[in-house]
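The values are calculated or read from the model by the stated rules, or taken from the named source; none is laboratory data. No experiment lies behind these values; they were computed from the predicted model shown. Here the Cβ positions follow ideal geometry from the backbone for every residue, glycine too, while neighbour counts run over all protein chains shown. The protein model used for the area step is the full one, side chains on, heavy atoms only, and it has no ligands, DNA or RNA in it. Shrake-Rupley method; radii C 1.70, N 1.55, O 1.52, S 1.80 Å.
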Amino acid sequence: MLDPKNFKADSTEIMEWIDQYLNHISDFPVKSPVAPGEIYSQIPANAPNKPESLEQIIQDLDLIIMPGITHWQHPNFHAYFPANSSVESIMAECVTSAIGAQCMIWDTSPAAAELEQRMTEWLREMMGIPIEYEGVIQDSASSASLVALLTAREVATNFTSNEEGVPNKLRVYCSTETHSSIEKAVGICGIGKKNLIKIGVDPQLRLNPELLEQQIKMDLEKGYLPIAVVAAIGTTGTVSVDPLKEIAAICKSYDIWLHVDAAYAGTALLLPEYRWMIDGIEQVDSFVFNPHKWMFTNFDCSVYFVKKAEILIKTFEVLPEYLKTKTRGLVNDYRDWGIPLGRRFRALKLWFVLRSMGIEGIQEKLRYHIQLNQSFSESISNSPGFELAMEPFLNFTCFRLQPEGLESTELLNQLNERFLEEINASGRIFLTHTKINDLYTIRMIIGQTYVEEKHVELALSEIQSAAEKVLTKM
Ligand SMILES: *Cc1c(COP(=O)(O)O)cnc(C)c1O
């Protein structure tokens, strides 16, 4: 076992490893090319009986583990949404693990609770969220949305569901484009997936408020109890922004909890020019966004804002004898603000990132990514045989091949599927896809912390040569 007395010497190799990794990440294929089972079969079936040296472990890290890593911090990672980090965030994570505190309640580390409170206040102010909202850090947007629906369920049932079980005929609404975590949450919280009603969208894939209201009216007539609407600020497929103000007005008039899932695009609220996305926020009951996506903070870090924290706490509070403290009521015991009891000290990395970059440093990076995306999308739309599937938005472009005269959806989809395979085949870049109105569409995100113009140029040339290949084979 390693001795903390030798930490400095023992850690040198790891620090060098990290330095090498961060500075040579572009040498790796972005997406791991291994086959299923390839890593597993190289790992011994049993744990070693005798201690092994750190050198041996690091050697196997390079030999066995690294080939099976997909490099999310690679500047040519353009898939899904980013889960970006930064040097300052990595450092904070090192400190967090050195401290190793379990921050379930204020008493178990007052600084963790109070820093969390401050960091969520900083973010609230930075994002234009009204002052009455209080924030808490959750592990993921999925958990935060589950927390929102559980709270909405308690409110709608007069705080009887936790106690007596969930009544039938509760209903939740979101658009057809909403993230799968909402469906998962509706199932988990006992409302039943069949009671999640997916509302149709407009051509920009934004929830249609008229259809929402019609559905609510119809459900009320049939004896259902509408309990929550989930609006997306930035859907996962196409970063579409639901019309919050109109949805909020409906929720107000029918007294329905309104939860906003801004997991990805929420970060753009740091730019005043995108605050229109939350026009209507005063009416929102809860809101989540992920600094672990586009705000340079290591996974995991989801910030959840709630308008009435006392309702949240009433939903989750448990008070066994062994957790009773004298400070109860004077401080925030965050174990009552979500599902798990145990909590990591996640606020520290936010503190490092926000201080080291400053609001302006973050804004500059976000605007740079947005600008890179604008020139990328212009080049794509000027390339013969390409079409933009939607108006580019933030740092996101979706596009496909649309050769002249090719009309069949099936053939187009096959072509674009082959196109994406070809794009990713070299390993130099990594993109993923979605479907828009049944049409296979390629998604491009430019959001990795250290991405530069040259990386986007590389991506463009890889995309264009992949297009030539599949078009000549047609
Ligand atoms: C990424 C994403 C999620 C899921 O986030 P997790 O933190 O991984 O649970 C939910 N909603 C939207 C809109 C997302 O983009």
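Sort region 12-78 into rounded, prolate or oblate with this rule: let a ≥ b ≥ c be the square roots of the eigenvalues of the Cα gyration tensor; rounded if a/c is under 1.5, and if a/c is not under 1.5, prolate when a/b is larger than b/c, oblate otherwise.
Working: a/c = 3.74, a/b = 1.32, b/c = 2.83.
Since a/c reaches 1.5 but b/c is at least a/b, the shape of region 12-78 is classed as oblate.
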Taking H placed 1.01 Å from N in the peptide plane, check which residues at least 5 places from His433 or on another chain put their amide H under 5 Å from its amide H. Arg443
To the nearest 10 square angstrom, how much accessible area does Asp139 have with a 1.4 angstrom probe? 50 Å²
If a/c stays under 1.5 just call it rounded; otherwise compare a/b with b/c (prolate if a/b is bigger, oblate if not). Do that for region 180-251, with a ≥ b ≥ c from the square roots of the Cα gyration tensor eigenvalues. oblate
Starting at the first residue of region 332-345, write each ³J(HN,Hα) from the Karplus equation 6.51 cos²θ - 1.76 cosθ + 1.60 with θ = phi - 60°, in whole Hz, x for Gly and Pro. 8, 9, 5, 4, 8, 10, x, 7, x, 7, x, 9, 6, 7
Going Cα to Cα from Lys349, which lysines come in below 16 Å? Please leave out same-chain ones fewer than 8 positions away. Lys293
Towards the positive end of the charge dipole of the chain, with charges on Cβ (+1 Lys, Arg; -1 Asp, Glu), say which of Ile463, Asn290, Gly37 has the farthest Cα. Asn290
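For region 191-290, give the magnitude of the charge dipole about the Cα centre (Cβ charges: +1 Lys/Arg, -1 Asp/Glu; no others), in debye to the nearest 20.
On the way: 9 positive and 13 negative charges, 66 e Å.
Using Cβ point charges on Lys, Arg, Asp and Glu, region 191-290 gives about 320 debye.
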Listed residues Phe419, Phe7 arranged by accessible area, highest first, probe 1.4 Å: Phe7, Phe419
Residues other than Ala101 with Cβ under 14 Å of its Cβ, Lys/Arg counted +1 and Asp/Glu -1, net out at +1
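What does the convex hull of the Cα atoms of region 294-415 come to per residue, in Å³, rounded to a whole number? Each step should come with its number before you reach the end.
On the way: hull volume 24.5 nm³, N = 122.
In region 294-415, the Cα convex hull volume per residue is 201 Å³.
Can you tell me the mean projection area, over all orientations, of the convex hull of region 46-192's alpha carbons? Units nm², please. Don't skip to the answer; put the middle values down first.
Working: hull surface 61.5 nm².
Approximately 15.4 nm², given one-decimal rounding.
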Would you mind estimating how fast region 112-177 diffuses translationally, via Stokes-Einstein at 20 °C and 1.002 mPa s with the Kirkwood radius over Cα pairs, in µm²/s? 150 µm²/s
Dipole magnitude of the chain, debye to nearest 20 (Cβ charges: Lys/Arg +1, Asp/Glu -1, about Cα centre): 880 debye
Accessible area per residue, Å², region 279-386 with all protein chains present, probe 1.4 Å: 44 Å²
Sort Lys349, Lys193, Lys365 by heavy-atom solvent-accessible area, probe 1.4 angstrom, most to least. Lys193, Lys365, Lys349
Might you work out the accessible area of Glu125 for me, using a 1.4 Å probe with all protein chains in place, and round it to the nearest 10 Å²? 140 Å²
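Let a ≥ b ≥ c be the square roots of the eigenvalues of the Cα gyration tensor of region 109-259; is it rounded (a/c under 1.5), or, if not, prolate (a/b larger than b/c) or oblate? Could the numbers behind the result be given before it?
Details: a/c = 1.85, a/b = 1.29, b/c = 1.44.
Note, shape of region 109-259 comes out oblate.
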Taking +1 at the Cβ of each Lys and Arg and -1 at the Cβ of each Asp and Glu, which of Gly223, His78, Val186 sits farthest along the dipole of the chain towards its positive end, judged by Cα position relative to the Cα centre? Gly223
Can you pull the semi-axes for region 71-131, root of five times each eigenvalue of the Cα gyration tensor, sorted largest first, whole Å? 27, 20, 9
Name the residue farthest towards the positive end of the dipole of the chain from the options Leu149, Phe28, Asn49, assuming +1 on Cβ of Lys and Arg, -1 on Cβ of Asp and Glu, about the Cα centre. Leu149
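Under Stokes-Einstein, with the Kirkwood radius over Cα pairs standing in for Rh, what whole-number D in µm²/s applies to the chain at 37 °C and 0.692 mPa s? Numbers along the way, then the final one.
Values: Rh = 24.3 Å.
For these conditions, the coefficient is 135 µm²/s.
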